[in-house]
Amino acid sequence: MAMKFSENADRMDARYVAGLARMALSDAEAAQLQGQLDDILAFIGELKQLDVSGVEATDVATEARNAWREDVPEAGLARDVALANAPLARHEQFAVPKVIE
Amino acid sequence: MSDYVPSIGLEVHVQLKTRTKMFCACPAHEEGTPNVAVCPVCLGLPGALPTMNREAIRKTVKVGLMIGSEISLRSTFDRKNYFYPDMPKNFQISQQAAPLCIGGSVEIEVGGQKKTIRVNHIHQEEDAAKITHLENSSEIDYNRASTPLMELVTEPDMSSPDEAIAFLTALKEMLVYAGISDCNLELGHVRCDVNSSVRPAGTDKLGVKCEIKNMNTFKGIHRALEYELERQMETLRAGGKLTQETRRWDDVAGVTLPMRSKEYAHDYRYFPEPDLPPVTLDAATVEAWRAELPELPAAKRARFIRDYGLPEYDAGVLTADPAIAGYFEATAQKSQNFKAVSNWVMGELLRALGEKGETIADAKIAPEALAALIALVDAKTINMPAAKEVFQILFDRGGEPAAIVKEKGLAQVSDTGAIDGFAEQAIAANEKVAAEFRGGKEAALMFLVGQVMKLSRGKANPQLAADALRRKLQG
Amino acid sequence: MSAPLHELGFLEAADALAQKTVSSAELTAALLDRSEKLEPALNSLTWFDREAALAQARAADAARAAGDARPFLGVPIAIKDLLNVKGQPCTAGSNILKGYVAPYDATVIARLRAAGCVFVSRTNTDEFAMGGSTETSAYGPTRNPWDVARVPGGSSGGSAAAVAARLAPAALASDTGGSIRQPAAFCGVTGFKPTYGRVPRYGCTAFASSLDQVGPISRSVEDAAAVYQLIAGLDPRDSTTSPRPVEDVLPAVRAARDLKGLKLGLPKEYFVEGLDPEIEQLTRAAVDQCRALGAEIVDVELPHSRYGIACYYILAPAEASANLARYDGVRYGFRAEAGDLQEMYEQTRARGFGAEVKRRVILGTYVLSSGFHDAYYLRAQKVRTLIRGDFERAFARCDAILGPVTPTPAFRVGEKTSDPVQMYLGDVFTVNVNLAGICGLSVPCGFTAAGLPAGLHVVGPAFREDLALKIGAAYQHATEWHRKRPVDPQGGRP
């Protein structure tokens, strides 16, 4: 999928990225965030000065391994408890506005 | 020959047969009453964390072992980000950077031609919740959320809808065999994304790929592919251009349609799942899991043909279900007549099970009893109609065939004196037929044998009856 | 007359309850009374339920009367409003969790419950722990008890302010880039971030999963050690917890008197331009104190330190962008009414999240997005490796590292809210500890001329909580800074 970014400049479109994150932005908000995010990107861009060739990425922060669970069922939440927090429940299910595909 | 060559690749999602979900201890496969198998983890509550189901990982690795994948000794989970209400966290825990199984292949056969379909990888992931779309709203049941899934991704090695179905059939058979999944299509245990493209015959570069999402019947996949391949070829023949896109199959209209999706729908922003440490396996564990693998259908078929001298057809029918194959082997071990065992299992036994809607596990007829029944037939102690009667009794309530034969008085009459008497009676009552036989009409004898059987109330040895009739008519 | 009940620390309260000189109900009521009195000025708490807390306290008293001798039975503790306590709201300082009532206990809560602790109140936090001042909370900024015109630090500013103001003997907090240690330093209390994987995160509303760690804020290192021991250890519900057993560190911590035989590293990178001169002077004085206690002070290098903040502000928002995707109005919390699902998502999140959360979610989404993932996210993961390596090399030369916790003392409310980069720079000494996954302790080490507290940072190797705590305890045994308390603020908010 084509991104609405310019690849050579690290200029991001705050409104477009907010769309990816499913957040509506007002015009004023978008303008303010755009300025702040440009500052932040300029700041974090300093990492580009660093030579990281040959460095492994830290993809795991824990020393734990194989923290797996045996296949034995446990009781979870009672349905009324699970549904109690639902903004809207119907037919013992979580109800949401219609999905337009 | 066609001017275009199709390439088909499949992404097959299979629900694994485990007791609990992939990332929490809620019961898996809870159908029916909604939202009864849910907890903070599979509802995506604030602060909840996933935990790995070892059995799901074991099952996925076993699939890899069955198809000859390389098993990753270190594999990791990743988050695949997208918003949809069936995904409680709005990301799916999946594997992208280091899946559990790499490579492998599955043999298929279509129209007598054998072909190897390469598998790119198999990864572990979690299923989504069930969402029901109503007119003005949608309702979500999270029972299915986080059910263990394996996703098997093939290379685009299939070139016809038949090959795609043959692949799925072979895979399904394997998975059911090894107890990996029930592969119940109605329950959505197997779901496919179908990728297809066409390229001009004689060229190598794959054409533009279209993906048909979320197919869950083999018949649907076949029809969708037939339509889609034709659509692509027609477009190109008419001088049109194809665009890479995601489509859906409309089963009622019998067409594929482009899905309306937002431009950014495919930016999944994968990154390593920080809440799950890597899965590390050692060679000993992998070998122990390999040792648990059952004999695979293809190997079993070959062995049935070789060791029991069965026709390919019989071997195919008998090995389609591992339980039936096991029953056959248990019976064959007690019998000398393997083909007869095969006939009985394929014929009477499958028929009787089908009528009652039972599985072999429910059958009351022990393999020893079936073997004994076959021995009685072979020794001509009983004839075929009687044997079928005995079989039904054994099937309904079990028991020992010799005792039933005795109890019901079903033993064949092989007493030549008695048979001679029946033969004379039959000839006397059917002079006209007897005359026809004497006039050279060989088939008339069979009618008279039938009359002898009738007079003996089915117990006469038909061979002896025919001998007696022939002697009297020709003598 | 003996000291008022609210002056009791965590272990002191446990002793007083064990000796039955006070009941849990009396102690809890005293803290709640005080909370009611001071909260208008501080705003350190998001929620408390007098009846629920007292019921828990009375049950503890009844159990004790019946012979229950659990050492922390009936001891009150405040909980950061990020941790799920069954039956209580858990807002994470956000409007988007309005109305959500936790149906389960976080593991650390279950452990404190099993120990008999009373959950006296919930403390304010920056929204989803994103901030260094507790100003991003949807429930308004918390004030620093030493100067209510100033921030208490963050994100656990509510916990630090409540402990400093004696609204609770101790509090649970969480630390992703300094959120326990920095507010502890700003409020003149003790804060401890254990090693990553030491304390279960199950039930702690996630900000950045590879960095978050739960820990205590208290009035002494001894108290911090006591709370730490109650909550630490392997949790089958948190796959990232370490299987290492948790040793009983309390006797050694209580007995710590000197630092003989210890080599403490001083990174030159921590004393650079941007460090407030008063903070530098107070830190150096604290280092001298450690030397006087018998420690050998050695120079160490952490050459990639300066990249820590940039690295952190890529990785943490990236993880947060996924962790916060679940707040969508479907299953719990706030939902904006809308005609279709997409609009519901976009409006719920637009109205439910505050500005700082939006900034970070957008930033995190961007650094993971196709075409930018390698340049930002992957590169930051590699820099994280370099930063971990720095500490590994440093710990080959010393037992623990000393330094300042914050570059400045507490700043004024509103001073940095419009300039996120300035706010982020406040994490300069703390984020690297999270990136390296090691443990860090903040202990009070004096006051500026304006009367604002400063903190000494004691950084220990992974799973050497015992060492960091012993060093802090020896320092506190020799100093009085941690015993200083602010004058009670008067009236409402300034």
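A few comments on the model shown:
- Considered as a group, the residues in segment B:186-206 that are in contact with a helix residue (DSSP H, G or I) (Cβ under 7 Å, 6 or more places away or on another chain) and among the aliphatic types (A, V, I, L, M) include one that is nearest to residue B:322 (Cα to Cα), and that residue is B:190.
- For segment B:1-44, a residue qualifies if it is more than 30 Å from residue C:83 (Cα to Cα), among the polar types (S, T, N, Q) and out of contact with any Ser or Thr (no Cβ under 9 Å at 6 or more places or on another chain), and the qualifying residues are B:2, B:33.
- Taking segment C:75-99 as the range and being within 15 Å of residue C:118 (Cβ to Cβ), without any contact (Cβ under 8 Å) to a residue 60 or more places away in the chain and either more than 14 Å from chain B (Cβ to nearest Cβ) or not aliphatic (A, V, I, L, M) (or both) as the test, the residues that pass are C:86, C:87, C:88.
- Looking across segment C:206-248, just one residue is of a type in the set (Phe, Trp, Tyr) and touching a helix residue (DSSP H, G or I) at 6+ places or on another chain (Cβ under 6 Å), and that is C:207.
- Here segment B:63-93 is the region considered, the condition is being away from chain C (no Cβ under 14 Å) and either over 27 Å from residue B:289 (Cα atoms) or crowded, with 24+ Cβ neighbours inside 10 Å (or both), and the residue that is farthest from the chain's Cα centre (by Cα) is B:64.
- Within segment C:199-219, tally of residues that are open to solvent by less than 10 Å² (accessible area, probe 1.4 Å) and closer than 17 Å to residue C:458 by Cβ: 5
- Neighbours by Cβ (under 9 Å, 6+ apart or cross-chain): first from segment C:228-247, more than 14 Å from residue C:106 (Cα to Cα) and of a type in the set (Gly, Ala, Ser); second part of a loop (DSSP other than H, G, I, E, B) and open to solvent by 50 Å² or more (accessible area, probe 1.4 Å): C:242/A:63; C:242/C:234
- In summary, residue C:66 fulfils each of the numbered conditions (1) in contact with a helix residue (DSSP H, G or I) (Cβ under 9 Å, 6 or more places away or on another chain); (2) surrounded by fewer than 16 Cβ atoms within 10 Å (Cβ to Cβ); (3) not charged (D, E, K, R) with the single exception of condition (1).
- Exactly one residue among C:379, C:412, C:397 is on the phi < 0 side of the Ramachandran plot and within 8 Å of another protein chain (Cβ to nearest Cβ), and that residue is C:379.
- Residue within segment C:83-100 that is more than 30 Å from residue C:355 (Cβ to Cβ), out of contact with any strand residue (DSSP E or B) (no Cβ under 8 Å at 6 or more places or on another chain) and surrounded by fewer than 22 Cβ atoms within 10 Å (Cβ to Cβ) present: yes
- Condition met for residue C:184 (of a type in the set (Gly, Ala, Ser), under 10 Å from the mean Cα position of the chain (by Cα), within 15 Å of residue C:455 (Cβ to Cβ) and surrounded by 24 or more Cβ atoms within 10 Å (Cβ to Cβ)): yes
- Within segment C:18-32, tally of residues that are closer than 19 Å to residue C:69 by Cα, touching a residue at least 12 places away in the same chain (Cβ under 8 Å) and surrounded by fewer than 23 Cβ atoms within 10 Å (Cβ to Cβ): 6
- Filtering segment B:290-306 for residues that are in contact with a strand residue (DSSP E or B) (Cβ under 8 Å, 6 or more places away or on another chain) and either of a type in the set (Val, Ile, Thr) or loosely packed, with under 15 Cβ neighbours inside 10 Å (or both) leaves an empty set.
- When residue B:96 is tested against (1) modelled with pLDDT of 95 or more; (2) part of a loop (DSSP other than H, G, I, E, B); (3) more than 14 Å from chain C (Cβ to nearest Cβ), just one condition goes unmet, and that condition is (3).
- Given (1) more than 8 Å from chain A (Cβ to nearest Cβ); (2) of a type in the set (Gly, Ala, Ser); (3) surrounded by 24 or more Cβ atoms within 10 Å (Cβ to Cβ), number of the condition residue B:56 does not satisfy: (1)
- Residue match in segment B:143-166 (condition: of a type in the set (D, E, K, R) and within 14 Å of chain A (Cβ to nearest Cβ)): yes
- Each residue in segment B:319-333 was checked for being without any contact (Cβ under 8 Å) to a residue 40 or more places away in the chain and in contact with a Leu (Cβ under 8 Å, 6 or more places away or on another chain), and 3 of them qualify.
- Tally of residues being among the charged types (D, E, K, R), under 20 Å from residue C:103 (Cα atoms) and either part of a strand (DSSP E or B) or open to solvent by less than 60 Å² (accessible area, probe 1.4 Å) (or both) across segment A:65-78: 0
- Test for residue C:485: is it open to solvent by 10 Å² or more (accessible area, probe 1.4 Å), in contact (Cβ under 8 Å) with a residue 60 or more places away in the chain and farther than 23 Å from residue C:387 by Cα: yes
- If you go through segment C:287-304 and keep only what is among the aliphatic types (A, V, I, L, M), over 13 Å from residue C:265 (Cα atoms) and touching a Phe, Trp or Tyr at 6+ places or on another chain (Cβ under 9 Å), you end up with just C:293.
- Helices (runs of 4 or more DSSP H) enclosed by segment C:263-355 - at least 1 residues per element that are within 14 Å of chain B (Cβ to nearest Cβ) and over 25 Å from the mean Cα position of the chain (by Cα): C:341-352
- Checking each residue in segment B:152-167 for being surrounded by fewer than 20 Cβ atoms within 10 Å (Cβ to Cβ), of a type in the set (D, E, K, R) and within 19 Å of the chain's Cα centre (by Cα) picks out only B:162.
- Each residue in segment C:393-407 was checked for being touching a helix residue (DSSP H, G or I) at 6+ places or on another chain (Cβ under 8 Å) and open to solvent by 40 Å² or more (accessible area, probe 1.4 Å), and 1 of them qualify.
- Scanning segment A:18-64 for residues that are at the interface with chain C (Cβ under 7 Å from one of its Cβ atoms), in a helix (DSSP H, G or I) and out of contact with any Asp or Glu (no Cβ under 7 Å at 6 or more places or on another chain) yields A:18, A:33, A:36, A:37, A:39, A:40, A:43, A:44, A:46, A:47.
- Residue in segment B:41-53 that is under 30 Å from the mean Cα position of the chain (by Cα) and not β-branched (Val, Ile, Thr) present: yes
- Single residue of segment B:263-289 satisfying the filter (without any contact (Cβ under 8 Å) to a residue 60 or more places away in the chain and open to solvent by 40 Å² or more (accessible area, probe 1.4 Å)) that is farthest from the other protein chains (Cβ to nearest Cβ): B:287
The values are calculated or read from the model by the stated rules, or taken from the named source; none is laboratory data. This is a predicted model, so every value here is computed, not measured. Heads up, the Cβs are rebuilt from the backbone with ideal geometry, glycines too, and the neighbour counts pull from every protein chain shown. What goes into the accessible areas is simple: the full protein's heavy atoms, side chains included, and nothing from ligands, DNA or RNA. Shrake-Rupley method; radii C 1.70, N 1.55, O 1.52, S 1.80 Å.
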